[in-house]
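Just below is one structure, and these are the notes that go with it.
Just so it is clear, none of the values below were taken in a lab; they were calculated from the coordinates. Note that the structure is predicted; figures quoted are calculated from it, not measured. Backbone-built Cβ (ideal geometry, glycine too); neighbour counts: all protein chains shown.
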Amino acid sequence: MPIDATAPYDDDNIFAKILRGEIPSTKVYEDEWAIAFEDINPQAEIHTLVVPRGKYVSWDDFSAKAPDEEIAGFVRAVGKVAREKGLVEPGYRLLANVGADGGQEVPHLHVHLFGGQKLGRMIA
Ligand code: 5GP
């Protein structure tokens, strides 16, 4: 079910539970600002999710409300995960779904990182 991007943050969303360690994930990276883990239903050879530790519903919420330090920390974490996974060469794709038309299903900001294959056109 796509989410309402204007709804308040829900502490019981699945990524909040992963961040608290209440449910398992295949974690590939963590630092002060973010964690990254493999998507449970991968859409490409490599499909990793990068999630800020802060409580933000979406990219909209994050870009409007997060302090600069937190935005920098998260953006750097996304880049670092891609580099550590060896994706810079040959390349990769980032995606952040926002709200209903964006198809966002989990109401905690996450960036999808796709790679490991030719990814085709931007929108299927
Ligand atoms: P969205 O549509 O919100 O941008 O993407 C949500 C993503 O989270 C989907 O790609 C989905 O496969 C993934 N996902 C949903 N539940 C879980 C989970 O419990 N664990 C992991 N690792 N990924 C999940």
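Can you put 28, 88, 50, 78 in order, fewest other beta carbons within 10 Å first?
Fewest-to-most ranking of 28, 88, 50, 78: 88, 28, 78, 50.
Compare the peptides 4-12, 102-110, 67-75 by average per-residue count of other Cβ atoms within 10 angstrom and give them in order, highest first.
In decreasing order of mean packing, 4-12, 102-110, 67-75 become 102-110, 67-75, 4-12.
Evaluate the distance, in nm, between pseudo-label points positioned 7 Å from the Cα of residue 23 and of residue 117 along their respective Cα→Cβ axes.
If labels sit at residue 23 and residue 117, their model points lie 2.5 nm apart.
Using the C-alpha gyration tensor of region 39-93, what are the square roots of 5 times its eigenvalues, in whole angstrom, with the largest one first?
Each semi-axis is the square root of five times an eigenvalue, giving 23, 14, 8 Å.
Given an 8 Å cut-off on Cα distances and at least 6 residues of separation, report the relative contact order of the chain as a percent.
Averaging sequence separation for qualifying contacts and normalising by length gives 36 percent for the chain.
Excluding residues on the same chain fewer than 8 positions from residue 118, give the lysines whose Cα lies under 28 Å from its Cα.
Partners within reach: 27, 80, 85.
I'd like the trypsin sites (Lys or Arg not before Pro) in region 1-81 restricted to DSSP loop residues with at most 15 other Cβ atoms within 10 Å, sorted by number.
Qualifying residues, ordered by number: 20.
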